[in-house]
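First the structure, in the form of structure tokens, and then the observations on it.
All of the numbers you see were taken from the coordinates with simple rules; none came from a lab. In this text the structure is predicted, and so the values were computed from the model without any measurement. Cβ placement follows ideal geometry from the backbone for every residue including glycine, while neighbour counts extend to all protein chains displayed.
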Amino acid sequence: MVLGRLSCFGLEMNKINRSLNMLHEKRKEEHLMLALREEVQFRDVTTGLENFAFVHRALPEINLKDIDLSTRLFNKRLDAPLIISSMVGGIEAAVRINHNLARAAQSLGLAMVVGSQRCLIEKGGLAATFQVRDVAPDILLFANLGAVQFNYGFGVAECHQIVRSIDADALVLHLNPLQEALQRAGNRDFSNLLEKIEIVCRELGVPVIVKEVGSGISEEVAGILARAGVSGIDVSGAGGTCWSEIERMRSGNRLAANVARAFAGWGIPTAESVIMARRGAPHLPIIASGGIRNGIDVAKAIALGADAAGIATPLLKAAMSSSEAVEQSLREMIEVLRIAMFCTGAADIPRLQYSPNLKKL
């Protein structure tokens, strides 16, 4: 009798797990399609980068061909201070997208973050949608997990698993309280996460980077994270893709849509968040992401104090096509960055950082 009840319970749990997996896959596919097809940028909030401009230097005293874009990040050399930010994983389309992104990163000597790997733990059998080492053996590669999952059964062991599953060099823990609050069936328990992040930083054995998902990181939070032992911060500020708008489009009812619409202007603009994070964590690598669209944006972000810049949306459509299309987009960005440095007299990334030629308008 007891065995019969346990068997029925097991069957019921399998049904629940299958339903959750289907919901997760549907959510990922909806996120991807909306990002590709709809206007999901912030409407009333900008990155703030347009409020800064470089003073042109007519006598740069350097040779354009000698400009050095290389930098070191988490013990790896990058040929340019660019990171392909997290986009997708766990669905069929992710295999092609991630491989195209990774091939371009390998060719250009850049870094890459995979999409959230939560589904890899919850469902299993999805590792191939994230694995890119076969086409990008040398890149700085980041695994990725939502920090809120530490309140839903995840811990150091799961972090080890997702890092090993893709042979990653480091782990990104993303923070997305606004998105989870607006998302159907979102994970909304963000209580006592800091101490759990601190444990992971102490025990994981690879660098742990914390990033937001489009709403920015303040000076206070940057300082708290630095004291907790994180190895770097990705601000992911407001001004690029607006996740409250994406969740509004997915909401399915008027009440949820109206609530999401109220947050369309929420967040710390990317430029301001870079400045705040640098003040809060003066000795940590800071990555600027959120609305970075071209090489001049990258140059401004680094001049404001960032060590590198993350790019996602501008590469997504290209990644649906081919690695060559991704590489072309990145080459254009890199060349614009090179010329911006040339026209401000910055021969390398250290000279660009905190450049006195960047002025607030």
Requested in this report: Using +1 at the Cβ of each Lys and Arg and -1 at the Cβ of each Asp and Glu in the chain, identify which of G109, V336, A222 lies farthest towards the dipole's positive end.
Outcome: A222
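Calculate the dipole size of region 221-317 relative to its Cα centre from +1 charges on Lys and Arg beta carbons and -1 charges on Asp and Glu beta carbons; express the result in debye to the nearest 20. Intermediate values should be presented prior to the final figure.
On the way: 10 positive and 6 negative charges, 46 e Å.
For this selection, approximately 220 debye.
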Query raised in the report: Gain in length, D44 to V156, computed as 0.36 nm per residue apart minus the alpha-carbon separation, to one decimal in nm?
Result: 36.4 nm
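Can you list the chymotrypsin sites (Phe, Trp or Tyr not before Pro) in region 83-159 that are in a DSSP coil and have 14 or fewer other beta carbons within 10 angstrom?
On the way: sites: F130, F142, F150, Y152, F154; in loops: F130, Y152, F154.
Answer in residue order: Y152.
Can you say what percent of the DSSP beta bridges in region 2-360, counting only those with both residues inside, are antiparallel? Round to 5.
Working: 7 of 34 bridges.
The antiparallel proportion sits near 20 percent.
Using Cα pairs closer than 8 Å and at least 6 residues apart in sequence, work out the relative contact order for region 2-360, in percent.
Values: 721 pairs, mean separation 79.6, N = 359.
About 22 percent, as a whole number.
Compute the normalised compactness of region 200-357: alpha-carbon radius of gyration over 2.2 N^0.38 Å, N being the residue count. All intermediate terms of the calculation are to be shown ahead of the outcome.
On the way: Rg = 17.3 Å, N = 158, 2.2 N^0.38 = 15.1 Å.
The value comes to 1.15.
Express the relative contact order of region 282-361 as a whole percentage, based on alpha carbon pairs under 8 Å and six or more residues apart in sequence. Please list the in-between numbers first.
On the way: 86 pairs, mean separation 28.4, N = 80.
Reported relative contact order: 35 percent.
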Report summary line: Checking rank on 192-200, 297-305, 205-213, with mean other Cβ inside 10 Å and highest first, the result is 297-305, 205-213, 192-200
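Which entries of K123/K196; K196/K360; K65/K360; K76/K196; K123/K300 have Cα-Cα distances beyond 31 Å here?
Values: K123/K196 23 Å; K196/K360 39 Å; K65/K360 29 Å; K76/K196 27 Å; K123/K300 41 Å.
Over 31 Å Cα-Cα: K196/K360; K123/K300.
At a Förster distance of 45 Å, what's the computed FRET efficiency of D79 paired with R254, Cβ-Cβ distance as r, to 0.05?
Details: r = 49 Å, r/R0 = 1.10.
The pair D79/R254 has a calculated efficiency of 0.35.
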Query raised in the report: In deg cm²/dmol and to the nearest 500, what is the mean residue ellipticity at 222 nm of the chain if only DSSP H runs of at least 4 residues count, each as -39500 (n - 2.57), divided by the residue total?
Result: -14000 deg cm²/dmol
Query - Degrees separating the helix 156-166 axis from the principal Cα axis of the chain, which is the longest one - result: 70
Report summary line: Rounded to the nearest 0.05, FRET efficiency between A127 and R184 (Cβ-Cβ, R0 30 Å) equals 0.65
